[in-house]
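Below you'll find the structure, written out as structure tokens, and then a few comments.
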Amino acid sequence: MSQKINRISELEKKYLNQALNDNFSMSTNGEWLAKFETSVKNVTQTKYAISFSNCTAALHSSLLALNLKKGAEVLVPSLTYGATAMVVLQAGFIPVFVDIDKNTLLLDEVDARDKINKKTGAVIVVSIFGLEFKYSNFFRDIRKKGIKIIEDNAEFSISKFNKLKKECDIACFSFQASKHLTSGHGGVAITNNKKIADNLRSISALGFKFNSNSSKINVNKDKMSVKSRHSLIGYNYRLADPLAAILLGQIERGEILTNCRIEAGNSFQKILNNYDFVTTQEIPKNSIHTFWTFPIIFKSIKLLNNFKYEIAKSTIKKPYAPWAVTYDEPLFKKYKRDTNKNSEYINSRMLLMPTGFWDKKILKKEINELQKILDKL
């Protein structure tokens, strides 16, 4: 890999200009969407890909596309971005917060097992911070009970995605500005189920009738018919063609862009292995971590505060504070059923290091500076 890469290259600019030169003509509108979605299907080895204006829209539509029973409960991890639980409320369902595994920071299977009941309609698993979610026999068992599974892969790079697992109904990805691949905003949902794909396509576009593999509305042009087009309640969640053009370029350069994040994550890991007062996210054997960010967990709050003090004085790229445990947010407090001890412990001691370094020299400088700060603690 070269010392420095451009996050947006001449390829994306070329595709964007070609899309703009179409002047948003109705005859060509959707061509770049089709190219982008075809590229996604090829990369993920999936039958259907439906683009969205953002990943939150994709998650919301996914819950609706599964036709869950009214009042169904949906299990979500309690340490994740609030949108994961918010879409459950938007879809008219009830979020049930599940603790995380203290080592991997992924949804805890033991706690999930305790919270499965007759009302459970779905589980949303999250590839938190870029670590892929691995399925166990537990998830295979609940699938047999009719419980649906959605992957929230907003923080995982689609370029490293290795097929849709048979346990999963839908997987969603984000192309928001902070993510591995981006067009500023954007999202996509993938599935191997045609009925779900048809629902996703219609929900994304005001309930119009679609062929699941096309973003073109089904209209009988010979008869100029405008009747019988809306098949269900839908939303205006469509991705604009110029953004799809940018994303096509990003997908084609996905390995390069994602490997920059992975190199940064591996560099952080190598340094932090030398300090016994911090822990990092455990990566299970044969799992992929694409390091949307790199979590550092301090063994005491005092050490965390000392680190914050030292890093505030430095020139290092400042880390992010983690989100609140979701059920502590005002919107979700009434849905708290118990205390998720692991989520609360990790949340109180964690900082998230940025990994978006497109210049190796800057990454090396950041790592050296980080090491000096850790040596002071």
Practice task
Could you please find all residues in the stretch 52-86 being over 14 Å from the mean Cα position of the chain (by Cα), among the small types (Gly, Ala, Ser) and not in a loop (DSSP other than H, G, I, E, B)?
Solution key: SER61, ALA65
Problem - Identity of the residue in the stretch 339-357, more than 11 Å from ILE100 (Cα to Cα) and free of Cβ contacts under 8 Å to residues at least 60 places away in the same chain, that ends up surrounded by the most Cβ atoms within 10 Å (Cβ to Cβ) - result: MET350
Exercise for the section: Check whether at least one residue in the stretch 255-266 is at pLDDT 95 or above, buried (at least 19 other Cβ atoms within 10 Å of the Cβ) and more than 30 Å from LEU377 (Cβ to Cβ), and report yes or no. Expected result: yes
Handout entry: Boolean, ILE362 is of a type in the set (Val, Ile, Thr) and over 20 Å from the mean Cα position of the chain (by Cα)
Key = yes
Exercise for the section: Would you check if VAL96 is among the hydrophobic types (A, V, I, L, M, F, W, C) and either within 24 Å of LYS179 (Cβ to Cβ) or modelled with pLDDT under 95 (or both)? Expected result: no
Completion exercise
Filtering the stretch 358-377 for residues that are surrounded by fewer than 16 Cβ atoms within 10 Å (Cβ to Cβ) and either in a helix (DSSP H, G or I) or on the phi > 0 side of the Ramachandran plot (or both) leaves a count of 10
Exercise for the section: Check the stretch 89-109 and report whether any residue there is assigned to a helix (DSSP H, G or I), of a type in the set (Ser, Thr, Tyr) and buried (at least 17 other Cβ atoms within 10 Å of the Cβ). Expected result: no
Exercise for the section: Could you please give the count of residues in the stretch 34-51 that are farther than 22 Å from GLU167 by Cβ and either assigned to a loop (DSSP other than H, G, I, E, B) or modelled with pLDDT of 95 or more (or both)? Expected result: 7
Practice task
Only residues that are hydrophobic (A, V, I, L, M, F, W, C), touching a Ser or Thr at 6+ places or on another chain (Cβ under 9 Å) and surrounded by fewer than 24 Cβ atoms within 10 Å (Cβ to Cβ): list them for the stretch 53-74, please.
Solution key: ALA72
Exercise for the section: Tell me, please, whether a residue that is in a helix (DSSP H, G or I) and under 17 Å from the mean Cα position of the chain (by Cα) can be found in the stretch 114-128. Expected result: yes
Completion exercise
By residue number, the members of the stretch 111-136 that are modelled with pLDDT under 95 and out of contact with any Ser or Thr (no Cβ under 7 Å at 6 or more places or on another chain) are TYR135, SER136
Problem - Residue, surrounded by the most Cβ atoms within 10 Å (Cβ to Cβ), within the stretch 268-298, restricted to residues that are assigned to a helix (DSSP H, G or I) and within 23 Å of the chain's Cα centre (by Cα) - result: PHE268
Practice task
Go through the residues of the stretch 170-177 one by one and say whether even a single one is surrounded by fewer than 24 Cβ atoms within 10 Å (Cβ to Cβ) and either over 20 Å from PHE36 (Cα atoms) or modelled with pLDDT under 95 (or both).
Solution key: no
Exercise for the section: Scan the stretch 117-161 residue by residue and report those that are hydroxyl-bearing (Ser, Thr, Tyr) and touching a Gly at 6+ places or on another chain (Cβ under 6 Å). Expected result: SER159
Practice task
Looking at (1) in a loop (DSSP other than H, G, I, E, B); (2) in contact (Cβ under 8 Å) with a residue 24 or more places away in the chain, find the lone condition where GLY146 falls short.
Solution key: (2)
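The values are calculated or read from the model by the stated rules, or taken from the named source; none is laboratory data. For clarity, every value in this text was computed on a predicted model and none was experimentally measured. Methodologically, a virtual Cβ is constructed for each residue, glycine included, from the backbone with ideal geometry; neighbour enumeration extends over all protein chains shown.
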